[in-house]
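Only the coordinates and a few stated rules stand behind these numbers; no lab work does. All figures in this text were calculated on a predicted structure; none of them were measured in a lab. All Cβ positions, glycine included, derive from the backbone under ideal geometry; neighbour counts span all protein chains shown.
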Amino acid sequence: MTTCAGCGASVDGLLCQACGRATPHVGDAQTERRALEELHGAAAKAGDEAAARLLTAGFLPSSKAVLIEAGLRCLALAGESSTYYMRTGAVDRLRAVSAKLRLQPQDAEAARALERFEHAVQAAEKNTRSDLAVFLAVCLLLLLLAGGTAALFLLRP
């Protein structure tokens, strides 16, 4: 067992379960795939906020195939069925995966994956804007109702 260089937590595996930082032993695609499994396993066991932090700041593979797999694993989490924290963490991770994937040599598989990831990010941002608009409309309605009720009490003889 070693200590994480990032947060000081005990590390028993390929990455820190607390912050998601990879150990120096992660280098080839096969090891990266195992580290990705560990990251998603730790996120599944953590609460929503901690899982979102792991997704946002956790290990990001260098191998193109494993990087695409990392993005594909986040697609479902970026959907509407996830909680706010998980959706935010997944969208942040998809942004990071997309940025790193753009730096890789491009082929048809990478281009298709990049298009899917960017579409998911745009859809999540659109949903967030819609959620915010509904929230603001409800708040405005409540303020109007409260103001009308207060006016009724003030006008009573």
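Ranked by how many other Cβ atoms sit within 10 Å of their own Cβ, fewest first, the residues SER82, SER10 fall in the order SER10, SER82.
What list do you get for THR88, THR3, THR83 if you sort them by fewest beta carbons within 10 Å? Numbers along the way, then the final one.
Working: THR88 20, THR3 11, THR83 14.
Least crowded to most crowded, the residues run THR3, THR83, THR88.
Estimated from the Cβ-Cβ distance and a Förster radius of 22 angstrom, the FRET efficiency linking GLU125 and ALA57 is about 0.65. By the rule of a second cysteine Cβ within less than 4.7 angstrom, the chain holds isolated cysteines at CYS74, CYS139.
Take CYS74, CYS4 and order them by how many other Cβ atoms sit within 10 Å, fewest up front.
Fewest-to-most ranking of CYS74, CYS4: CYS4, CYS74.
For segment 2-155, just say rounded, prolate or oblate: build the C-alpha gyration tensor, square-root its eigenvalues into a ≥ b ≥ c, call rounded for a/c under 1.5, and beyond that prolate if a/b exceeds b/c, oblate if not. Oblate, since a/c reaches 1.5 and b/c is not below a/b.
Given R0 = 25 Å, the distance between the Cβ atoms of GLU118 and ALA76 translates into a calculated FRET efficiency of 0.95.
So, R0 is 35 Å and r is the distance between the beta-carbons of ALA137 and ALA46; what FRET efficiency does that work out to, to 0.05? With a Förster radius of 35 Å, E is 0.55.
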